[in-house]
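Comments concern the structure below.
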């Protein structure tokens, strides 16, 4: 095509030069009448013809330039996309997503409800005793099952007083039987991540292997393991659950789409309370699954619907990803209680803001 353009341009120049030479040899107009002579008409035709050749050549050249520019732009975009895929793939390889544990700063719980009067009475007595004897009791081993996570000191260590007190399952007053244990003994939490967000309501009927299966499904804690501690804050009188749960035995990576840290931005994350745990003191083994489920929906979930999730820390290898309390969206139904959050462009940007 370039050779053809070259020939056309040369031909146009040659014809234009020829018409110029002819103009010096022949008269294009009759000197008497002023009309065009045969040579004049032929010259006009020649000028139009040579101009047409030049115009066509120029149009073709511009068209080829635009096509070449577009192809270069497409090639550059394709090369950039390939480079970006290589960089992303490398980043995914270098930053695998390993969530080792989940730390819950607080889940506000309705201990003050009259239904749990005995538990509140026991815990308040222990808390007040601990506060009065703080200097002595804080030095006792954690095996005692009651301790303070923070304290306020006005004039040095000798004047400290606890801001809160925590009761662990090691203490004999920790909920262990009946409705108290069913509501407050939280041994496990479920975490699910979807690369493409779903309708939060559809997560209620989660069935692994179905259409709403998460891209990444993790359990933390064990049913027979240590539950979250029960805490009371002295300043506010708020009761909450707090503690660390390590990754449990059951995990599912069904799609491979959430396998690395670069997969997290824009993903949807759910934290869900256990929906099938019921202490044998409340419903023994002779109860079938359906009966236990009915007891949960009737007696346990109405109280868990009052739970409010606080800040959560996901320990991802050497890094910690905080999800603050005000970021969670709560969903409570007749069969499940869970919280939903869409991860931002920088999932590690937030701090432990409660």
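At a glance:
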quantity	calculated
The stretch 245-272-the stretch 167-190 distance, computed between alpha-carbon centres (Å)	27 Å
Length added when fully stretched, residue 61-residue 210, from 0.36 nm per residue minus Cα-Cα	47.8 nm
Potential extension, residue 144-residue 257 segment - 0.36 nm per residue separation minus Cα distance	36.2 nm
FRET efficiency for residue 246 and residue 69, using Cβ-Cβ distance with R0 set to 56 Å, rounded to 0.05	0.45
Simple label model, 7 Å out from Cα along Cβ direction - residue 348 to residue 45, nm	8.1 nm
Length released on extending from residue 306 to residue 115, taking residue separation times 0.36 nm less the Cα-Cα span	67.4 nm
Two-site label geometry, residue 320 and residue 125: point separation in nm, points 7 Å out along Cα→Cβ	3.6 nm
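Here, each number is a calculation from the coordinates, and none is a lab measurement. This one's a predicted model, so the numbers in the text were calculated from it and none came from an experiment. Cβ atoms come from the backbone with ideal geometry, glycine included; neighbour counts cover every protein chain shown.
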